[in-house]
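Notes follow once the structure below has been shown.
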Amino acid sequence: MSTTSLAIECNAVKKSFGNVNALKGATISARPGEVTAIVGDNGAGKTTLIKCIAGVYQPDEGEIRINGESVTFDSPESARVAGIETVYQNLSLVEDLTIWQNLFLNREITKNLGVVKILNRAKMREESEAMLKKLDVYIPSVRSRTRGLSGGQRQAVAICRAVGWGSKVVIMDEPTAALGARETMKVEELIKKMKAQGLAILLISHNFEQVLRLSDHIFVMRQGDVIAGMRTKDTTGDELVALITGSAKRG
Amino acid sequence: MDTKSNPGSASKPGADSKLSFKQRLRDPYFWSDWLVVVAFLLVIVVFGAINPSAFLSIYNLNNILVASAIPAIIVVGQTFTVATAGIDLSVSSILTLGAVIFGICFTKELPVWVCMLGGMLAGMIAGIINGLIISVRKINDFIVTLGMLSIAAGTALVLSNGRPVQIINSGLANVAINEKFGVPYLMYIAFAIVVFSHFLLFHTRFGVHLLAVGGDPDSARAMGVSIVRIKVAVYGISGLLAGFAATLAIARIGAAEPAANTAILLNSVAAVVLGGVSLFGGRATIFGPFVATLLLQALSNGLTIIGVASYYQYISVGIVVILSASLVRNVR
Amino acid sequence: MKRKSSAVILLAVAALTVSSVLPGQAAAKKKAKDVKIAAVVKGLDNPFFIGIKEGIEETALKYGIRANVQAAPGLNDDVGQANKLDSLAGQNYDCYIVIPISSNNLSQAVGKITKKKKTVINIDSPIDATSLAAAGGKVTSFAGTDNFAAGEAGGKDMIAKIGTGKTIGLIAGLAGNVTSAARIDGFKKGALAADPTVKFVGPENADWDTTKALDKANAMLLANPSIAAFFAANDQMAQGISKATNIGTKKIYGVDGIADALTLVKSGKISATISQYPYVMGQMGVQACIIAAQGGKVPEKTITPYYIIDSSNIDKALANNSSRGYFPNQLPPGTYDNPYEKLIKK
């Protein structure tokens, strides 16, 4: 595979917090139009890794490339500008804001009157509806508060927000952990749609069935290292369990 | 390192189906916004029934509006801080500090508008310091503004040497006394601030960010909203408004008083709660606390008019505050 | 306020036995019991103002009047107090008795009352004349104590008791409070006049509060063991000082003459209280109102009495029992001049 076909690469990324080496040189990559899963036990370093990619943490060592270009992010904002969006399992929408306000949070369309930035509400509502429609998400009104939405609806809104901003890479941290079976199915459909639109998706999930169902490529993390990477079609749930618990090794 | 699943954020089964059925309950806060209006009208009706000639006279309604103007301005600032899940306990002593600065400028024979700006600037600086300490050092709002309450009160005493400065200025006195179309000038000023603040909160980028920070600071931060900037801005605004209210207080009483008036603080917190603003942040209206201010002043005025002894007035006001707050809670 | 509804005016006229257009002449026929009196005092969390309230209410009752006495919402709520007076001004009282929280805060409200041609009687703390004039207000009569003189008398008396060359600890009320400053300044003047070598520690502000005064006194005694006596700007603080650890038999003087202080003077825990007579202020305020309503000439200014109550006259002071008890010595143990009483027409 040529480097340029990769949407994102992490090479030997290290990160420690005090004496804890959370990442000991993790290397992963993800292609556009594919779901790349990262699996591993609690504390394996998955979240630290994606937080490095999302600009929440700054790696101590190593390199992150987007479309082959080396990048450094000093904040989530700069990662977002570079086209990396994150959908957290619970840390995403402000319940007290309306759906359109959430979709446009910190990207508001405004008319500037001196220093006062006046919201163009009509335009944002209109575009919000378009953003939801793009992924066939149906919600009674973009004017309603997020608090009234079900978990699945919220996740759908969060996903639409991630997709709607011309992003290249969408990181999904346990996107269905808090959802019921039916809602999980809907979110999975959304993920497939995102994939069809050519996005690179990094999926963190504890649900092996989901990983096997959705992903094209899997990286296994253990104690701060990426210990295996393989095409999904070449592996099984049993093998993943063995790798995660450390009872098996694979190059 | 993995994010733990949070059961609190899981969907509430049935909640949305009920909401889609009853459109008017679509927003569960809708009624809490209107409760204060109902309570206000109730106060007017009750006192109006007991003593219509005195309570409902234009003279007296005018009195209620005059009395509400200064608290209303302070309440707007308080609403902003509470909407970010904070609180500004220093408003009353910042007002005093602003008044003292005004007094100092006035003694130096500076023009009144310079004195006014001086008071506002002092208030804003105190507020910005509040905001910076709260957001950068991540110290609880309650503690920081409690500290500022003391610091601003002390600074006011130091600067004034503990002595009031008499401020006799016909222009200022006119603002405090006169009216147009039956409404006192002071109320026009307060209402203009209320309307502008409503606009700021609901029609600007700043307002959305403010509510986002109040409702869910982690999510807001994840979307790149700067908590520091919002916190500094709201406390700065609260201080600025307190500094501005100082000018009106001076216009009202004709002197810059060095002793802090804590009644204004208690009143502002009560009005914000009565007005349906969530103390947990993220949920606010400007008009709710404004009507609540009118309610509290009408209540105090009405009790005085029907001759309820002062001791019982304290109790009555307390009961109304707690009762309304618990009603608001039930409605939610 | 000009456009009052006709109904209000009708009721107002009905409520008054006579029209109030020209109070000086028309109201002259008014009987004492028909005078409507409202009062706005300071916060009622201080026995002193309760004493005034009692004086107003009980004196009014003696003349068959039920006075409406209101207090500021809080001890420092200057604007709130102005609002209270505004609220009362909307009703047809003949006379308003006021004690301003600060020397300026009621000026505009009084101005409004003056415009309605109603009488204002100022008691206890004076309203500043300049600000009153600027607001177009007029005070018909003032009755209050001279806090400076009371302090001065206390200073002279204390030196006479402790001798010369001693150190005196001073504990003041709220920082920036005029009454406190007058009492402290007066005390210093009186003490220095009696003994130019006297030394002072403080004044420390204890915010009129018993506990705070106790803490301040402990700290002052620790830092200056040479302190021979204390002067506190009110009795509650004197009471606090009396509980200080190393107070021994040091002299303590307070001001006001509240019930607790008299008990402590009786038991010897504090040496003296420079007793003022809030009850008398309230009494004079009501009497001034009646004189004005009857169209009489009201004395412009009256200084109410103060007495130093110590072991020599405490029993006499305690004999003047109040019905409600905060100020047992409603009336001074000796004679005092009341220029108002004799002017009231029966």
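The values are calculated or read from the model by the stated rules, or taken from the named source; none is laboratory data. Just so it is clear, the structure is predicted and the values come from calculations on it, not from any experiment. Neighbour counts are summed over all protein chains in view; Cβ atoms, including those assigned to glycine, are modelled from backbone coordinates with ideal geometry.
Quick one: would you say A:Gly152 is closer than 30 Å to A:Lys46 by Cβ and not hydrophobic (A, V, I, L, M, F, W, C)?
Spelling it out, A:Gly152 is indeed closer than 30 Å to A:Lys46 by Cβ and not hydrophobic (A, V, I, L, M, F, W, C).
When the residues of the stretch C:49-84 are narrowed to those that are of a type in the set (S, T, N, Q) and either under 15 Å from the mean Cα position of the chain (by Cα) or facing chain B (nearest Cβ under 8 Å) (or both), which ends up surrounded by the most Cβ atoms within 10 Å (Cβ to Cβ)?
Checked the stretch C:49-84; the qualifying residue surrounded by the most Cβ atoms within 10 Å (Cβ to Cβ) is C:Asn83.
If we scan the stretch B:190-204, do we find a residue that is within 14 Å of chain C (Cβ to nearest Cβ), in a helix (DSSP H, G or I) and not acidic (Asp, Glu)?
Yes.
May I ask you to list the residues in the stretch C:91-102 that are more than 7 Å from chain B (Cβ to nearest Cβ) and out of contact with any Phe, Trp or Tyr (no Cβ under 8 Å at 6 or more places or on another chain)?
Passing the criteria: C:Asn92, C:Tyr93, C:Asp94, C:Cys95, C:Tyr96, C:Ile97, C:Val98, C:Pro100, C:Ile101.
Here's a check for you: in the stretch C:92-144, which residue that is of a type in the set (S, T, N, Q) and surrounded by fewer than 24 Cβ atoms within 10 Å (Cβ to Cβ) is nearest to B:Leu303 (Cα to Cα)?
Ranking the candidates gives C:Asn92 first.
Farther than 30 Å from C:Ala172 by Cβ and not hydroxyl-bearing (Ser, Thr, Tyr): is that true of B:Arg163 in this structure?
When the stated conditions are applied, B:Arg163 does not pass them.
Can you name the number of the only condition in (1) more than 19 Å from the chain's Cα centre (by Cα); (2) surrounded by fewer than 21 Cβ atoms within 10 Å (Cβ to Cβ) that A:Leu6 fails?
Here A:Leu6 clears every test but (1).
Pull out all pairs, ordered by first then second residue, where Cβ-Cβ is under 9 Å, the residues are six or more apart or on different chains, the first lies in the stretch A:37-50 and is facing chain B (nearest Cβ under 9 Å), and the second is part of a strand (DSSP E or B) and among the acidic types (Asp, Glu).
Going by the 9 Å Cβ cut-off, the qualifying pairs are A:Ala44/A:Asp225; A:Gly45/A:Asp225; A:Lys46/A:Asp173; A:Thr47/A:Asp173.
Residues in the stretch A:144-159: is at least one under 28 Å from A:Ala26 (Cα atoms), surrounded by 21 or more Cβ atoms within 10 Å (Cβ to Cβ) and among the aliphatic types (A, V, I, L, M)?
yes
Among the residues of the stretch C:177-208, which ones are of a type in the set (A, V, I, L, M) and either surrounded by fewer than 23 Cβ atoms within 10 Å (Cβ to Cβ) or within 21 Å of C:Lys161 (Cβ to Cβ) (or both)?
C:Val178, C:Ala181, C:Ala182, C:Ile184, C:Ala191, C:Leu192, C:Ala193, C:Ala194, C:Val198, C:Val201
B:Ile286: touching a residue at least 12 places away in the same chain (Cβ under 8 Å), closer than 30 Å to C:Asp128 by Cα, of a type in the set (A, V, I, L, M, F, W, C) and away from chain A (no Cβ under 14 Å), yes or no?
Values: touching a residue at least 12 places away in the same chain (Cβ under 8 Å): yes; closer than 30 Å to C:Asp128 by Cα: no; of a type in the set (A, V, I, L, M, F, W, C): yes; away from chain A (no Cβ under 14 Å): yes.
Taking the combined requirement at face value, the residue does not satisfy it.
Can you give me the ranges of the strands (runs of 3 or more DSSP E) entirely in the stretch C:141-246 with at least 2 residues that are of a type in the set (Asp, Glu)?
It comes to none.
What number goes with the only condition from (1) farther than 19 Å from B:Phe102 by Cβ; (2) more than 7 Å from every other protein chain (Cβ to nearest Cβ); (3) surrounded by fewer than 24 Cβ atoms within 10 Å (Cβ to Cβ) that B:Val225 does not pass?
(2)
Take the residues of the stretch B:31-56 that are at pLDDT 85 or above and small (Gly, Ala, Ser): which is farthest from the chain's Cα centre (by Cα)?
B:Ala49
Need the failing condition index for A:Ser29 against (1) over 24 Å from A:Pro175 (Cβ atoms); (2) away from every other protein chain (no Cβ under 14 Å); (3) without any contact (Cβ under 8 Å) to a residue 24 or more places away in the chain, just the number.
Answer for A:Ser29: the failing condition is (1).
Read through the list (1) surrounded by fewer than 24 Cβ atoms within 10 Å (Cβ to Cβ); (2) modelled with pLDDT of 80 or more; (3) away from chain A (no Cβ under 14 Å), then give the number of the only condition that B:Gln297 fails.
(1)
Quick one: in the stretch B:248-294, of everything that is over 16 Å from the mean Cα position of the chain (by Cα) and in a helix (DSSP H, G or I), which residue is surrounded by the fewest Cβ atoms within 10 Å (Cβ to Cβ)?
Of everything passing the filter in the stretch B:248-294, B:Ala251 is surrounded by the fewest Cβ atoms within 10 Å (Cβ to Cβ).
Of all the strands (runs of 3 or more DSSP E) wholly in the stretch A:173-251, which have at least 1 residues that are within 16 Å of A:Ile159 (Cα to Cα) and more than 14 Å from chain B (Cβ to nearest Cβ)?
Strands (runs of 3 or more DSSP E) meeting the threshold: A:200-204.
Can you tell me how many residues in the stretch A:67-95 are assigned to a strand (DSSP E or B) and buried (at least 21 other Cβ atoms within 10 Å of the Cβ)?
4
Do you know which of the residues in the stretch C:262-306 that are among the hydroxyl-bearing types (Ser, Thr, Tyr) and either out of contact with any Gly (no Cβ under 6 Å at 6 or more places or on another chain) or more than 19 Å from C:Gly240 (Cα to Cα) (or both) is surrounded by the fewest Cβ atoms within 10 Å (Cβ to Cβ)? Show your work before the answer.
Here is the first cut: in the stretch C:262-306, the ones among the hydroxyl-bearing types (Ser, Thr, Tyr) are C:263, C:267, C:271, C:273, C:275, C:277, C:279, C:302, C:304, C:306.
From the residues that got through so far, the ones that are either out of contact with any Gly (no Cβ under 6 Å at 6 or more places or on another chain) or more than 19 Å from C:Gly240 (Cα to Cα) (or both) too are C:263, C:267, C:271, C:277, C:279, C:302, C:304, C:306.
On the way: C:Thr263: 15, C:Ser267: 10, C:Ser271: 24, C:Tyr277: 26, C:Tyr279: 27, C:Thr302: 21, C:Thr304: 23, C:Tyr306: 24.
If we take residues in the stretch C:262-306 being among the hydroxyl-bearing types (Ser, Thr, Tyr) and either out of contact with any Gly (no Cβ under 6 Å at 6 or more places or on another chain) or more than 19 Å from C:Gly240 (Cα to Cα) (or both), then C:Ser267 is surrounded by the fewest Cβ atoms within 10 Å (Cβ to Cβ).
Quick one: which residue in A:Leu119, A:Leu113 is within 10 Å of chain B (Cβ to nearest Cβ), modelled with pLDDT of 85 or more and surrounded by fewer than 22 Cβ atoms within 10 Å (Cβ to Cβ)?
A:Leu119
Read through the list (1) surrounded by fewer than 24 Cβ atoms within 10 Å (Cβ to Cβ); (2) more than 16 Å from the chain's Cα centre (by Cα); (3) touching a residue at least 12 places away in the same chain (Cβ under 8 Å), then give the number of the only condition that B:Leu149 fails.
The one condition B:Leu149 does not meet is (2).
What are the residues in the stretch A:122-140 that are of a type in the set (Gly, Ala, Ser) and either within 8 Å of chain B (Cβ to nearest Cβ) or within 21 Å of A:Leu199 (Cβ to Cβ) (or both), if any?
Listed by number, the residues that qualify are A:Ser128, A:Ala130.
Answer yes or no: is there a residue in the stretch C:254-265 that is in the same structural domain as C:Thr210 (by TED's automatic domain parsing), part of a loop (DSSP other than H, G, I, E, B) and not acidic (Asp, Glu).
yes
Residue-by-condition table, conditions (1) aromatic (Phe, Trp, Tyr); (2) more than 30 Å from B:Ala309 (Cβ to Cβ); (3) facing chain B (nearest Cβ under 10 Å):
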| position | (1), (2), (3) |
| --- | --- |
| C:Asp86 | no, no, yes |
| C:Ala89 | no, no, yes |
| C:Asn105 | no, no, yes |
| C:Ser131 | no, no, yes |
| C:Asn147 | no, no, no |
| C:Ala153 | no, yes, no |
| C:Ala175 | no, yes, yes |
| C:Thr179 | no, no, no |
| C:Lys189 | no, yes, no |
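For the list (1) within 12 Å of chain B (Cβ to nearest Cβ); (2) part of a strand (DSSP E or B); (3) of a type in the set (A, V, I, L, M, F, W, C); (4) under 30 Å from A:Val241 (Cα atoms), I need the number of the one condition that A:Ile64 fails.
(1)
Here's the yes/no breakdown for (1) under 13 Å from B:Ala242 (Cα atoms); (2) of a type outside the set (Lys, Arg); (3) in a helix (DSSP H, G or I):
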site: B:Ile101; (1), (2), (3): yes, yes, yes
site: B:Phe106; (1), (2), (3): no, yes, yes
site: B:Glu109; (1), (2), (3): no, yes, no
site: B:Met124; (1), (2), (3): yes, yes, yes
site: B:Ile139; (1), (2), (3): no, yes, no
site: B:Ala152; (1), (2), (3): yes, yes, yes
